[in-house]
Amino acid sequence: MAATSMAAALAASLPAPQAAPTPSAPTYEAIPASMAKVIDIEAEIPITSVQLDAMVVSKIIKHAKEAPGSSAHGLLLGLDLDGTLEVSNSFPLPHHSNDEDDKSLKSVARYQGAMLRSLKEVQADDSVIGFYQGMTLGSFFNQTLVDTQAIHQEKLRHGGIVIVHDISQTARGNASFRAFRLTRAFLDAYKKSNFSSTSLIDHRLTFSTILEEVPLKIRTNALVSSFLSTLSEAAVPPAAATNPALATSSAAIPPSYSTLNLGLANTPRNLELIVEALDNYKTEEGNLAYLHRQIAREKAKADAYVAKRKEENASRVAAGLAPLPEEDVNRLFKIPPEPSRLESLLLLGRIDAYGKSLEETASTGLVKMYAAKGNTGN
Amino acid sequence: MPLGPPSSAIFLQNVAPGFTSTPGRTPTSVTVHPVALFSILDHYLRRNDAQDRVIGTLLGTRSENGEVEVRSAFAVLHSETAEQVAVDMEYHRTMYDLHHKVNPKEVIVGWYSTGSNLNTYSALIQNFYTQETAPHQAIHLAINTGVEEGQQAGVKAYVGSPVGVNPKPENCVFVPIPCELRFNDAERSGLDLLTSAPANPGSATFTNPASDLELLERSLQQLSDMLDRVLSYVQSVLAGEVKGDAAVGRYLMDALGPSTEDLEKGEFNSHLQDTLMVSYLANLVRSQAEVSSRLALVKAS
C-alpha cells in the first residue's frame with residue numbers, strides 16, 4: 001500500500017496538539033499533579049492495555065461477517081487515558097480490490113475524512129487510534145497488515161494498535177479479539193528495510209517477535225449492560241424454587257450451548273491452509289537459496305580476481321615492473337544484495353498461527369469426545 | 001425473542017393474500033440486530049445535555065413478505081424546541097452515502113428515537129422519512145432506555161398511517177407492529193462475551209476474552225448444574241414429595257434415553273483417532289516452524 005496519501009490523510013485527522021489548559025488569561029499554567037494523568041499532552045504514559053467498547057465489538061463482528069472473504073478492515077477511534085487505550089467507536093473502510101490504483105487510495109482517504117467529520121458533529125470521538133482486521137483461522141500475518149501498522153505506529157500518538165478478530169472462531173462460539181502492535185526490534189529493521197540474515201540476527205527476529213500482544217478488556221457501559229440484562233434474565237416465576245417443573249425460561253437471549261457440538265467443522269480447511277502455506281514457504285526458501293548461491297558465486301569470482309591481481313603484482317614487483325593498479329572489484333563484479341527474509345518470516349508466522357488454531361480445535365474436540373465416551377461408563 | 005415488557009396488544013395487520021410484492025405495502029414485523037441497538041444506546045449516551053431525545057436513521061433490508069430487518073443505525077443531528085423541529089438532512093445524506101459505500105445492500109428503512117412519546121414532531125419526522133424510503137413505508141423504532149423511573153427498557157416499532165378527514169403531514173397514527181431481536185451465530189458469541197461477566201450493576205463491567213477451553217469448561221459447568229437440578233427433581237418425585245408432571249417425565253425419558261453403547265462400533269473410534277492425529281500434527285507443525293525460524297538466526301560461520 002503506498003504510504004503517501006494514506007499518511008497524509010492520517011496527518012490531517014490527527015488531533016491538534018492541545019495547548020496547556022488556560023483559564024482566561026493567556027498565561028500557561030502548570031498542569032496540577034492530580035490531572036497529570038488525564039491530560040497527557042506529550043503522550044508520555046505508555047499504553048499497557050486496550051479497552052474495547054461493547055458497540056465496537058458488535059460492529060466489528062457484523063462487518064467481518066458481511067465482508068466478502070476475509071477482507072474486512074476498518075479504523076478504530078477513541079482516546080487514551082492513563083495508560084489504557086479506550087476504543088469507543090469504529091467504522092469500516094470500503095473494500096478496494098486494486099491496491100495499486102491511486103484513485104482508490106484517494107477515495108479511501110476522502111471517505112475517512114468525511115466519516116471523521118460527521119462523527120465529530122454528533123460528539124463521537126474522532127481521533128484515530130488504530131485499525132482492525134478480520135481474518136479466518138488465525139492467518140493475520142501479511143504484508144499489508146505490517147505496512148499499515150508501521151505507518152500508524154509512526155504517525156499516531158502512542159503508536160496505533162491493530163485489533164485482530166477471528167471470524168471462524170467466532171462462528172464456533174468464542175468471540176476472539178486480540179490487540180497487537182509492532183515490537184521495537186521489528187520497527188527498527190523495518191525502517192531500514194533491511195531484512196537480510198545479518199540484520200535478523202542482530203535484532204533477534206523470529207516470527208513470534210514481530211508483534212507483541214497488548215492485553216485487551218471489553219467494557220460495557222452501564223446503560224448497555226442494564227439493557228442487556230433486562231433482555232437476558234430469565235423471568236422465573238416464584239413457584240419455581242419448589243417445583244422446577246414450572247420454571248420456564250422466557251429470556252430474550254437464551255443461553256446457547258453451541259460449544260458442546262461434537263465434530264470438527266473447520267479442520268479440513270485449516271489443514272488445506274497449512275499445506276498451502278508450507279508450499280509457499282518451500283518456494284520462498286528455494287528462492288532464497290538460489291539467491292544465496294548466486295551471491296556466493298559472484299563473491300567467489302571477485303575473490304579469485306583479487307587474488308590473481310595480488311599474485312600478478314607480486315610477480316611484477318619481483319620482476320621490477322610497476323604494479324598494476326588494483327581495480328575496484330565492485331565495479332567489475334556486481335554482487336546482488338542480500339535478499340529480504342521478511343516474506344519467509346511472515347509465512348512462518350502464518351504456519352504457526354494455523355497450527356495453533358488447529359491445535360485448539362483438536363483439543364476441545366478431544367475433551368468433548370472423551371466426555372461423550374465417558375457416558376457409557378467406561 | 002421479544003424486546004420489551006410483555007403487553008397484551010394484538011397487532012392488527014392488513015395481510016390480504018396476493019399482497020406480496022406490491023411496493024408500498026405496510027411492513028409486518030421488524031427484526032433488530034444488536035449492532036443497531038448498541039449504536040442507538042451509545043448515541044443516547046453522547047447527547048448534549050440540552051437534548052431530551054435523540055433521533056437517527058435506521059439502515060437495513062426488506063424481505064418480500066413484509067419483514068424489515070434493521071442492521072445498523074447512525075445518528076442524525078436534530079434540534080427540537082417548543083415551536084419547531086429541525087433535522088439536518090444534509091448530514092443524513094452524507095452519512096447514508098458513506099455507509100452505502102461499504103455495504104451496498106443496506107437501504108434506509110426508517111428512523112429511531114429514544115424516549116417513547118409520540119407527538120406531532122414525530123409525525124413530521126415520520127413524514128420526512130417516508131419520503132426518503134418511498135415507495136416503501138418508513139418504520140419508526142421507539143427505544144425506551146429505561147433510565148427514567150417507572151419506564152421499563154424496551155423497543156417498540158411503529159408504522160405511520162394517515163388519520164383524519166384531510167390527511168395532513170403532522171397528523172398520523174402510529175400503528176404498532178411486532179419487533180424482535182435477532183442475531184446469527186457470530187453475533188451470538190459476541191453477545192455471550194458481553195453478558196458473561198458477573199454483572200456488577202451500577203458500574204461498567206469488564207470481561208476478558210477467554211480461550212476455547214475455558215468456554216467449554218463454562219458450558220460444561222452449566223450443563224452439570226442443570227443436570228443436578230433435574231436429578232434432584234426426579235428424586236423428589238420418586239420419593240413422593242412432589243407430584244410428577246407427566247409431560248416433563250416423558251420429555252426427560254426421550255432426552256436421556258438413547259444410550260451411547262453402540263458408539264463403540266462404527267465411526268466414533270476412528271474419529272477419535274483422527275482427532276488425536278490432528279492434534280499431534282498441529283504440534284509438529286508448530287515446533288517445526290519454530291525450529292526453522294531459529295535456524296535462520298544461526299550465522300553460518
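Coordinate-derived values only; no laboratory data. Given the structure is predicted, the values throughout are model-derived calculations rather than measurements. Note that each Cβ is placed from the backbone with ideal geometry, even for glycine, and that neighbours are counted across all protein chains shown.
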Around A:THR283 (Cβ within 15 Å, Cβ-to-Cβ, excluding A:THR283; K/R +1, D/E -1) the net charge comes to -2
Take B:VAL237 and A:THR48, extend 7 Å from each Cα along the Cα→Cβ direction, and tell me the distance between the two endpoints in nm. 5.5 nm
Report, by chain and number, residues whose modeled amide H sits under 5 Å from the one on A:ASN174, excluding near sequence neighbours (fewer than 5 apart, same chain). none
Report the calculated FRET efficiency for B:ASN184 and A:THR183 (r = Cβ-Cβ distance, R0 = 41 Å), to the nearest 0.05. 0.65
With θ set to phi - 60°, apply the Karplus curve 6.51 cos²θ - 1.76 cosθ + 1.60 along region A:178-183 and write out the HN-Hα couplings as whole Hz, x wherever there is a Gly or Pro. 9, 10, 9, 8, 6, 6
When the Karplus curve 6.51 cos²θ - 1.76 cosθ + 1.60 is applied with θ = phi - 60°, which whole-Hz ³J(HN,Hα) does each residue of region B:67-77 get, with x for Gly and Pro? 8, 10, 10, 8, 9, 7, 8, 9, 7, 10, 6
Total charge of the residues flanking A:LEU137 in space, meaning their Cβ is under 9 Å from its Cβ, with Lys and Arg +1 and Asp and Glu -1, is 0
A:LEU348: net charge of surrounding residues, Cβ under 12 Å, Lys/Arg +1, Asp/Glu -1, itself excluded? 0
Long pairs among A:LYS299/A:LYS334; A:LYS301/A:LYS334; A:LYS59/A:LYS368; A:LYS59/B:LYS101; A:LYS62/A:LYS155; A:LYS59/A:LYS155, criterion Cα-Cα beyond 21 Å: A:LYS59/A:LYS368; A:LYS62/A:LYS155; A:LYS59/A:LYS155
List the GluC sites (Glu not before Pro) within region B:45-78 that fall in a DSSP loop (any state other than H, G, I, E or B) and whose Cβ has at most 16 other Cβ atoms within 10 Å. B:GLU64
Please work out the FRET efficiency for the pair B:PHE268 and A:LEU291, using the Cβ-Cβ distance as r and a Förster radius of 56 Å; give the result to the nearest 0.05. 0.65
For the pair B:ALA255 and A:GLU121, how long in nm is the line joining their label points, each one 7 Å along Cα→Cβ? 5.4 nm
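To make sure I understand, if each residue's beta carbon is the centre and we count other beta carbons within 10 Å, what order do B:LEU231, A:LEU137 fall in, fewest to most?
By the 10 Å Cβ count, ascending: B:LEU231, A:LEU137.
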For B:VAL173, what residues show an amide H to amide H distance below 5 Å, using hydrogens built from the backbone and excluding near sequence neighbours? B:SER161, B:VAL163
Taking A:LYS62, A:LYS308 and counting other C-beta atoms within 10 Å, the order from fewest to most: A:LYS308, A:LYS62
Can you work out ³J(HN,Hα) from phi for every residue in region B:227-239, in order, using Karplus 6.51 cos²θ - 1.76 cosθ + 1.60 and θ = phi - 60°, giving whole Hz and x for Gly and Pro? 4, 4, 4, 4, 4, 5, 5, 4, 5, 5, 5, 5, 6
Listed by chain and number, the residues whose amide H is under 5 Å from that of A:LEU137, excluding neighbours fewer than 5 places away on the same chain and using placed H, are A:ILE167, A:SER168, A:GLN169
Once you place label points 7 Å from the Cα toward the Cβ at A:SER107 and B:HIS100, how far apart are they in nm? 1.4 nm
